[in-house]
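Participant: Sharing a structure here in structure tokens format.
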Amino acid sequence: MSDAPIFDARAFRLTQFEADLTARARDFGARVLAPRAARWDREASFPIDNYRDMHSEGLLGICIPAEEGGVGADFRAYCLTAAELGRYCGATALTWNMHVCSTLWTGALTEDLEMDDATRAEHRRRRRLHYDTILHHGKIFSQPFSEGGAAAAGAVAFGTTAERVPGGFRINGKKIFASLAGHADTYGILCTEMLPGEKASRRNTLYLGVPADAPGVTVTGEWDPLGMRGTVSRTLIFENVFVPEDAALMPPGLYFQAAMRWPHMFLTLSPTYMGLAQAAYDFCVRYLRGEVPGTPPVKRRMYPTKQIAVAQMRVMLEQTKALWFQAITEAGPDPSKEQMLRALAAQHTVMENAQAIASLAIRTCGGQAMLKSLPLERIFRDSRCGALMLPWTAELCIDRIGRDALYEKGETDQ
């Protein structure tokens, strides 16, 4: 029996496009992702086979504008689709997000930002160069963000730097927890343009596509984490790496404008964990009904303690879905204070409740649920990682919600 949608099309008033796209993702996830998920986790290896299949299914171009050959999904359609994939393989969905952001940020999102006509025309020309490699050759992009400091949280300028040289830029720096390291074809690097006589500034952030085989790019370190093991998030080093001017994925200054005016762009890590929350609940219900393949058809649903636990999980799941769906529906430029608080609350709720539901599912299902032969143990470990992910970690969300709820912009206690 096929899985029901996480978000029922009629109940949540999805468009036909969204309903069709999420149905495709659900079929692909059950048919392709789920049977392979244990392998990537066990080996801590990158799900490259999944990416080849996603290319043939058209999923690598989901957020490339339709007029440029892609599927043309907007922010909400992408998030709903990513949640469906996340319930079948968290690591694939999370790394896919890093790839998709290179097209979502440069595509639909930039259309809402301010550019003069000449700059916009040049941006569209350059992004088509990158889009063509994805659509026609199945090239994979990544989105290295973290550097081990406050830059990934948006507090200071990125330590990875770019200097203008004849014909392009010279890049130096390091990215840690760089998902797809060693497997992406192009790294979408956020770096600070160093201007003569000026200090490093967030306003001068550049977003540059760096080919993985460019001289000076190296991948270092081991990858043996608690969960999300298939993301292969090793360390990237850039030593005097040259990229041409056409490597610019956004015009100068546009990333800073996006971060200030389109902050929902940082919510795209959450769909994977929305899917994991659904997956943990689904497994628990099937297990108690004696319907999990590979286990004896023993029913445990008649015990009041099990019923109470499932009810608690369902309440958490519905709360999470309702808040998150509202937040992704509101996503757009220049959100209000209330919309911004809701986005942060949605991020925190998804990341924490995915883990809480998975933990309760293991306790409720009992000892067999700890076995690596069943997916719940992997879901539990993967779900724990969400609260740690920059730029909106669970801690930072709480910090910002409390501060921003009590202070209007520019207010102090002085």
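The values are calculated or read from the model by the stated rules, or taken from the named source; none is laboratory data. A quick note: this is a predicted structure, and the numbers were derived from the prediction, not measured. Reconstructed Cβ throughout: ideal geometry from the backbone, glycine too, with neighbour counts over all protein chains shown. Side chains included, ligands, DNA and RNA excluded: accessible areas come from the protein's heavy atoms. Shrake-Rupley method; radii C 1.70, N 1.55, O 1.52, S 1.80 Å.
Participant: Quick one: divide the alpha-carbon radius of gyration of the range 22-105 by 2.2 N^0.38 Å and tell me what you get.
Facilitator: Details: Rg = 12.2 Å, N = 84, 2.2 N^0.38 = 11.8 Å.
The reported ratio for this selection is 1.03.
Participant: Relative to the compact globular guide of 2.2 N^0.38 Å, what is the alpha carbon radius of gyration of the range 129-235, as a ratio?
Facilitator: Details: Rg = 14.5 Å, N = 107, 2.2 N^0.38 = 13.0 Å.
Normalised Cα radius of gyration, the range 129-235: 1.12.
Participant: Further question on the same structure: Using the Cα centre of the range 170-215 as the reference point, and only Cβ charges (+1 on K/R, -1 on D/E), how large is the resulting charge dipole? Debye, rounded to the nearest 20.
Facilitator: 260 debye
Participant: Hey, another quick one. Using a Gaussian network model of the chain with C-alpha springs under 10 Å, which one of 72, 58, 90 is most mobile by mean-square fluctuation?
Facilitator: Maximum fluctuation in the GNM of the chain, among the listed residues, is at 58.
Participant: Continuing with this model, one more query. By how many nm would the segment from residue 27 to residue 12 lengthen if fully extended, with 0.36 nm per residue of separation less the alpha-carbon distance?
Facilitator: 3.4 nm
Participant: Of 297, 255, 45, which is farthest on the positive side of the dipole of the chain, counting Cα position, with +1 on Lys and Arg Cβ, -1 on Asp and Glu Cβ, and the Cα centre as origin?
Facilitator: Projecting each Cα onto the dipole axis, the largest value belongs to 297.
Participant: Taking the alpha-carbon centroid of each part, what is the distance from the range 308-369 to the range 143-175 in angstrom?
Facilitator: Cα centroid of the range 308-369 versus Cα centroid of the range 143-175: 32 Å apart.
Participant: Right, here's the next one. Note down the magnitude of the dipole of the chain about its Cα centre, charges +1 on Lys and Arg C-beta and -1 on Asp and Glu C-beta and zero elsewhere, to the nearest 20 debye.
Facilitator: Approximately 1520 debye in magnitude.
Participant: If packing is taken as the mean number of other Cβ atoms within 10 Å per residue, what is the order of 404-414, 335-345, highest first?
Facilitator: Put in order of decreasing packing, that is 335-345, 404-414.
Participant: Let me ask another. On the principal axes of its Cα set, how long, how wide and how thick is the range 284-356? Give whole Å, largest value first.
Facilitator: Sorted largest first, the three principal extents are 53, 24, 16 Å.
Participant: Moving to a separate point now. When averaged across all projection directions, what area in nm² does the alpha-carbon convex hull of the range 155-194 cover?
Facilitator: If you wrap the Cα atoms of the range 155-194 in a convex hull and average its projections, you get 3.6 nm².
Participant: Using modelled amide H (1.01 Å from N, peptide plane; none on Pro or chain starts), what sits under 5 Å from the amide H of residue 228, excluding residues fewer than 5 places away?
Facilitator: Answer set, sorted by chain and number: 382.
Participant: Moving on. List the relative contact order of the range 1-110 as a percent without decimals, with contacts defined as Cα pairs under 8 Å and 6+ residues apart. Present the calculation step by step, with values, prior to reporting the outcome.
Facilitator: On the way: 103 pairs, mean separation 32.2, N = 110.
Value for the range 1-110: 29 percent.
Participant: With θ set to phi - 60° and the Karplus curve 6.51 cos²θ - 1.76 cosθ + 1.60, what are the ³J(HN,Hα) couplings of the range 154-168 in order, to the nearest whole Hz, using x for Gly and Pro?
Facilitator: x, 8, 9, 5, 5, x, 6, 10, 9, 10, 6, 9, x, x, x
Participant: Ok, one more. Return the sequence-ordered ³J(HN,Hα) values of the range 101-111 in whole Hz as given by the Karplus equation 6.51 cos²θ - 1.76 cosθ + 1.60 applied to θ = phi - 60°, using x for Gly and Pro.
Facilitator: 4, 5, 9, 5, 5, 7, x, 4, 5, 5, 5
Participant: For the range 353-414, list log₁₀ I(q)/I(0) at each q in 0.18, 0.22, 0.26, 0.28 Å⁻¹, using the Debye formula over Cα point scatterers of equal strength and ignoring solvent, two decimals each.
Facilitator: Each listed q corresponds, in turn, to -0.71, -0.86, -1.01, -1.08.
Participant: Here's another thing I want to ask about it. Give the residue list of trypsin sites (Lys or Arg not before Pro) in the range 193-229 that are DSSP loop and have at most 13 other beta-carbon atoms within 10 angstrom.
Facilitator: Listed in order of number, the matching sites are 199.
Participant: Who wins for biggest fluctuation among 182, 402, 69 in a Gaussian network model of the chain, springs between alpha carbons below 10 Å?
Facilitator: In this elastic network of the chain, the residue with the biggest mean-square fluctuation among 182, 402, 69 is 402.
Participant: Please compute the contact order of the chain in relative form: average sequence separation of alpha-carbon pairs under 8 Å and at least six residues apart, divided by the residue count, as a percent. Please report the intermediate quantities before stating the final value.
Facilitator: Details: 726 pairs, mean separation 66.2, N = 414.
Answer for the chain is 16 percent.
Participant: When only alpha-carbon atoms are used, what values of Rg and Dmax, in angstrom, describe the range 60-125?
Facilitator: When restricted to the Cα atoms of the range 60-125, Rg and Dmax are 13.2, 43 Å.
Participant: Please list, in order along the range 62-73, the HN-Hα scalar couplings obtained from phi with the Karplus expression 6.51 cos²θ - 1.76 cosθ + 1.60 (θ = phi - 60°), rounded to whole Hz, x for Gly and Pro.
Facilitator: 4, 9, 6, x, 4, 5, 10, x, x, 6, x, 6
Participant: For the range 188-262, what log10 I(q)/I(0) values come out of the Debye formula at q = 0.12 1/Å, with one point per alpha carbon and no solvent?
Facilitator: At q = 0.12 Å⁻¹ the computed log10 ratios are -0.46.
Participant: Turning to a different aspect of this structure: On the Cα set of the range 103-144, report Rg and Dmax in Å, please.
Facilitator: For the range 103-144, the Cα radius of gyration and maximum Cα-Cα distance read 11.3, 32 Å.
Participant: Based on the alpha carbons, how large is the Rg to Rh ratio for the range 217-361 when Rh follows Kirkwood?
Facilitator: Using only Cα positions, Rg/Rh for the range 217-361 is 1.12.
Participant: Can you tell me, using C-alpha contacts under 8 Å and at least 6 residues apart, the relative contact order of the range 211-282 as a whole percent?
Facilitator: In percent, rounded to a whole number, it is 25.
Participant: Related question: Using only the alpha-carbon atoms of the range 51-171 as identical scatterers, what base-10 log of I(q)/I(0) does the Debye formula give at q = 0.15, 0.20 Å⁻¹?
Facilitator: Normalising to I(0) and taking log10 leaves -0.82, -1.24.
Participant: Still on this structure, please answer the following. Please report the projected area of the range 309-414's Cα convex hull averaged over all directions, in nm².
Facilitator: Orientation-averaged projected area of the Cα hull: 8.3 nm².
Participant: Pairwise over distinct Cα atoms, reciprocal of the mean inverse distance: report the Kirkwood radius of the chain in Å, one decimal place.
Facilitator: Mean inverse Cα-Cα distance, inverted, gives 21.9 Å.
Participant: Here's a follow-up. Helix-only mean residue ellipticity at 222 nm, the chain, DSSP H runs n ≥ 4 weighted -39,500 (n - 2.57), per residue, nearest 500. What is it?
Facilitator: Details: 12 runs with 186 residues, N = 414.
That calculation yields -15000 deg cm²/dmol at 222 nm.
Participant: Of 369, 324, 359, which is farthest along the charge dipole of the range 324-414 in the positive direction, counting Lys and Arg as +1 and Asp and Glu as -1 at C-beta?
Facilitator: So the residue we want is 369.
Participant: How many Å² of accessible area per residue for the chain, probe 1.4 Å?
Facilitator: Per residue, the chain has an accessible area of 43 Å².
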